[in-house]
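The values are calculated or read from the model by the stated rules, or taken from the named source; none is laboratory data. Everything numeric in this text was worked out from a predicted model, so none of it was measured. FYI the Cβ positions are ideal-geometry reconstructions off the backbone, even for glycines, and counts take in every protein chain you see. To get the accessible areas, we keep the full protein, side chains included, count just its heavy atoms, and leave off ligands, DNA and RNA. Shrake-Rupley method; radii C 1.70, N 1.55, O 1.52, S 1.80 Å.
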Amino acid sequence: MKSRQDVMTGLSNREALELQLKQTTKECEGVALALIDVDHFMEINTLFGHDIGDHVLKTIADILKEETSETVVFRVSGDEFAVMLADYSLEQGFLKMESVRAAVQASRDRFHLPSVDEAPDISVTVGIAQYPRDAKDENALMRAANAALMSAKEAGRNQVSLPPNEEMVMKTCYYPATMVRQLKTLAEKLKKKESILFREALTDLIRKYDR
């Protein structure tokens, strides 16, 4: 019988994710799914070898488990992980995964890279989608989360993104129109995406209170 657990990280694998997603979307009113890619992982393997690469993946898995203790974490491929957040809204899931992204970025010492000068920064890129907001079944949810991940990669990595054309649209529901206009003006002035400015603000907020 084929194992549904990844041996190296001790996490459930892609097959287990697909089965659990199918069950959870039937049982819960809302399920958020985050797909997480380790940035520049091939470069890490090339510079330092597979043993260091494996240690990086194990450490990422540990951080994911620490930061998302009430959720379910999976390793779906070589350097790609998934987190399933049952009974989460899209905004709640976004905030949770932004916290995860920041935790990975702040954990450089745990990766034990041999050379600080040569080593790239260890970071993760995340795409998140939510059922039933972005998808009507578990397969469509996987596709939506993957589209969000591709969008995050195209925007420069080391960030959390929503599915294309949905990026931070909830802000119009939760913030005054004047603040939304100010954000748009600032984004145009700085030549940055509004979602990137949101991420910077969230990072500062988390750093301020999570001490």
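In segment 1-111, with Lys and Arg counted as +1 and Asp and Glu as -1 at Cβ, which of these residues, Ser99, Ser77, Leu64, has the Cα nearest the positive end of the dipole, that is, farthest along it? Ranked along the dipole, the leading option is Ser77.
About the centre of its Cα atoms, the chain shows a dipole size close to 620 debye [charges on the beta carbon of Lys, Arg (+1) and Asp, Glu (-1) only; nearest 20 debye].
When Tyr209, Tyr88 are compared by accessible area of protein heavy atoms, the largest-first order is Tyr209, Tyr88, using a 1.4 Å probe. With the cut-off at under 19 Å, measuring from each backbone N in segment 85-117 to a point 7 Å along the Cα-to-Cβ line of Lys26 picks out 85-87.
Would you mind computing the Rg to Rh ratio of segment 69-168 from its alpha-carbon coordinates, Kirkwood style for Rh?
Values: Rg = 14.4 Å, Rh = 14.4 Å.
Reported Rg/Rh, Kirkwood definition of Rh: 1.00.
Using only side-chain charges placed at the Cβ, +1 for Lys and Arg and -1 for Asp and Glu, the dipole size of segment 9-74 relative to its Cα centre rounds to 220 debye.
For the chain, a Gaussian network of Cα nodes joined below 10 Å ranks Leu190, Leu47, Leu64 by mean-square fluctuation, and the top entry is Leu190. The orientation-averaged shadow of the Cα convex hull for the chain, equal to a quarter of the hull surface, comes to 13.1 nm².
Rank Lys65, Lys189, Lys153 by mean-square fluctuation in a GNM of the chain with C-alpha springs under 10 angstrom and give only the top-ranked residue. Residue with maximal mean-square fluctuation among Lys65, Lys189, Lys153: Lys189. Put +1 on the Cβ of every Lys and Arg and -1 on every Asp and Glu Cβ in the chain; which of Ala147, Thr9, Ile52 then has its Cα farthest towards the positive end of the dipole? Of the listed residues, the answer is Ala147.
Note on the chain: GNM, Cα springs under 10 Å; of Ala32, Ala16, Ala148, the largest mean-square fluctuation is that of Ala16.
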